[in-house]
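Novice: Have a look at this one before I ask anything.
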Amino acid sequence: MDRRLRTNLVLVAVLAAAALLIIYGPEPGNEPRGVPLIESDEKISRIAVFEGNGETDELRFALERSNETWELVAPVELPAAMFQVDALLGALREPASRRYPMSEADPAALGLAAPQWRVEVDARELRLGDRTALGVQRYVQMGDHVYLVNDLLSYRLQRNPFDYASKNVLPEDEKIQAIQLPSGQRLERSGNSWMIEPEDDSLSTDALQATISAWRNARALRVAPANSVPRDGEVQVEFANGEMLRFGVEIRDDELLLSRADPAVTYILPLAAADELLQVTRHSSTETDAR
C-alpha cells in the first residue's frame, strides 16, 4: 500500500473516532473542573479491583486498611507495599479534567456498558470505560456521573496483584526469637544477646548479630505465587509471640528463592543474599542491637 494512502487512512480513522466522541460525549457545560473521584481528605478502608466484561467479573486483588497500615487480602493475605498503595490512592484522588451527568452520555460509546475494570472503593463502584481518542485519559463512571481522568489509574489496576504485597520477607513488627538455618546452625536469643548451636568459638557476637540483622532487613526483589522447589533446605524463624514462619530454600544461578506455604508465595532475592541469610560466617562484622 502506498505510504501516503496509508497515512491518509490512519488520519481518517482518528478523525472518525474523534467524531464519535463529539457525538456521544458530553456537551460543554458548567460542571466544575478538577473534581476528584475520591476527595483527598477522605479515609478509605477497602479497595477491590475486578476484571471482566461486566457479567463475569473476577476479583483481581483487594486491599484493606488496618489502623494506619494496609493489608493485601486477595489473592493472598500479606502486608501491603505502601508505595504501591499510595500510588493507587493518588490515582483515585487525581482531579478529573471533566465531570458530567451520566444522562448526557452514551455508555456503549464510552465503553461503560460492559467495562473491563470495576473498582469498589468502600461502598462506591467505579466503572472504567474506554480511553479518549488521544489515549491519555479514560472515561470513568461513578454513580450518576462520568469523569474524564488520567489513564494512570488503569495502569495501577493492571499491575501484577503481587506487586501490592510487601517485599519484606519477615513481618516488620515481630521480635525474632530464634532462627534455624539450612547449615544446621541455630541462632537463639539469650537476654539481649544471641547464642549459636552447635557452639563455635570462632564466630563472634558481631557475626551472629549480622545474620539476625540480615533476616530482619531482608527485602525481596519481587513476590510471586509459590512456584519454587525447596531443594536446598528450610529456614525456620521463630518469633517472641510463639509464631513461626518456614521458608523452603532454592538457590538458582542468579537468584535466591524463599517460599512460604501459607500463604503460598515465593520471595525472590538476589543470589548474594544467600551468603548473609543461610549461614553464619566468620567474616560477618556488622554490629547491630538484638531485637
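The values are calculated or read from the model by the stated rules, or taken from the named source; none is laboratory data. Here the structure is a predicted model, which means the values were calculated and not measured. Backbone-built Cβ (ideal geometry, glycine too); neighbour counts: all protein chains shown. These accessible areas exclude ligands, DNA and RNA; they are computed on the full protein's heavy atoms, side chains included. Shrake-Rupley method; radii C 1.70, N 1.55, O 1.52, S 1.80 Å.
Novice: Would you list the strands (runs of 3 or more DSSP E) that sit entirely within segment 2-82 and hold 2 or more residues that are farther than 30 Å from ALA224 by Cα and at pLDDT below 95?
Specialist: Result: empty, no element qualifies.
Novice: Could you run through segment 159-173 and say how many residues are in a loop (DSSP other than H, G, I, E, B) and either touching a His at 6+ places or on another chain (Cβ under 9 Å) or in contact (Cβ under 8 Å) with a residue 12 or more places away in the chain (or both)?
Specialist: Keep residues of segment 159-173 that are in a loop (DSSP other than H, G, I, E, B), which gives 159-160, 166-167, 169-173.
Checking which are either touching a His at 6+ places or on another chain (Cβ under 9 Å) or in contact (Cβ under 8 Å) with a residue 12 or more places away in the chain (or both) leaves us with 159, 166-167, 169-172.
Residues in segment 159-173 being in a loop (DSSP other than H, G, I, E, B) and either touching a His at 6+ places or on another chain (Cβ under 9 Å) or in contact (Cβ under 8 Å) with a residue 12 or more places away in the chain (or both): 7 in total.
Novice: Now, a different point. Since PRO198 meets every condition but one in (1) over 21 Å from GLU71 (Cα atoms); (2) surrounded by 13 or more Cβ atoms within 10 Å (Cβ to Cβ), which condition does it not meet?
Specialist: Checking PRO198 against (1) over 21 Å from GLU71 (Cα atoms); (2) surrounded by 13 or more Cβ atoms within 10 Å (Cβ to Cβ), the one that fails is (2).
Novice: Counting only residues that are in contact (Cβ under 8 Å) with a residue 40 or more places away in the chain and either closer than 20 Å to LYS175 by Cα or open to solvent by 30 Å² or more (accessible area, probe 1.4 Å) (or both), how many does segment 248-257 have?
Specialist: 0
Novice: Within segment 131-156, which residues are open to solvent by 50 Å² or more (accessible area, probe 1.4 Å) and either in a helix (DSSP H, G or I) or touching a residue at least 60 places away in the same chain (Cβ under 8 Å) (or both)?
Specialist: ALA133, LEU152, TYR155
Novice: Follow-up. Does ASP57 fit the bill of being surrounded by fewer than 17 Cβ atoms within 10 Å (Cβ to Cβ) and within 22 Å of ARG219 (Cα to Cα)?
Specialist: no
Novice: If you take the residues of segment 226-245 that are surrounded by 15 or more Cβ atoms within 10 Å (Cβ to Cβ) and of a type outside the set (A, V, I, L, M, F, W, C), which of them is modelled with the highest pLDDT? Step through it out loud before you land on a result.
Specialist: Start the filter on segment 226-245 by keeping residues that are surrounded by 15 or more Cβ atoms within 10 Å (Cβ to Cβ), which leaves 226, 228, 230, 232-233, 235, 237-239, 245.
If we keep only those that are of a type outside the set (A, V, I, L, M, F, W, C) as well, we get 228, 230, 232-233, 238.
Details: SER228: 81, PRO230: 88, ASP232: 95, GLY233: 95, GLU238: 98.
Top of the filtered list is GLU238.
Residue by residue, here is whether (1) within 21 Å of GLU58 (Cα to Cα); (2) of a type in the set (Ser, Thr, Tyr); (3) in contact with a helix residue (DSSP H, G or I) (Cβ under 8 Å, 6 or more places away or on another chain) holds:
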| position | (1), (2), (3) |
| --- | --- |
| GLU104 | no, no, no |
| ALA109 | no, no, yes |
| ALA114 | yes, no, no |
| ALA133 | no, no, yes |
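Novice: Of all residues in segment 176-194, count the ones that are open to solvent by 60 Å² or more (accessible area, probe 1.4 Å) and either within 25 Å of the chain's Cα centre (by Cα) or at pLDDT 95 or above (or both).
Specialist: Result for segment 176-194: 1.
Novice: A further question follows. So the check is Cβ under 6 Å with 6+ separation or different chains; which pairs have a first residue in segment 174-202 that's of a type in the set (D, E, K, R) and a second one that's open to solvent by less than 50 Å² (accessible area, probe 1.4 Å)?
Specialist: Correct list of pairs: GLU174/PHE239; GLU188/ALA178; GLU197/ARG186.
Novice: So, in segment 83-110, exactly how many residues are of a type in the set (S, T, N, Q) and closer than 29 Å to ALA226 by Cβ?
Specialist: Of the residues in that region, 1 qualify.
Novice: Here's something else I'd like to know. Tell me, which strands (runs of 3 or more DSSP E) wholly within segment 202-291 include 3 or more residues that are of a type outside the set (Val, Ile, Thr), within 27 Å of the chain's Cα centre (by Cα) and within 16 Å of LEU187 (Cα to Cα)?
Specialist: The strands (runs of 3 or more DSSP E) meeting that bar are 234-239, 244-251.
Novice: Just to verify a result, which residue in segment 37-67, among those that are without any contact (Cβ under 8 Å) to a residue 24 or more places away in the chain and small (Gly, Ala, Ser), is farthest from ALA114 (Cα to Cα)?
Specialist: Among them, the one singled out is SER66.
Novice: When residues of segment 86-100 are filtered for being out of contact with any Pro (no Cβ under 7 Å at 6 or more places or on another chain) and without any contact (Cβ under 8 Å) to a residue 60 or more places away in the chain, how many remain?
Specialist: Qualifying residue count for the region: 3.
Novice: Also, I was wondering about something else. Residues in segment 102-120: is at least one of a type outside the set (Lys, Arg), open to solvent by 40 Å² or more (accessible area, probe 1.4 Å), closer than 17 Å to SER154 by Cβ and at pLDDT 95 or above?
Specialist: Yes, there is a match, as at least one residue in segment 102-120 is of a type outside the set (Lys, Arg), open to solvent by 40 Å² or more (accessible area, probe 1.4 Å), closer than 17 Å to SER154 by Cβ and at pLDDT 95 or above.
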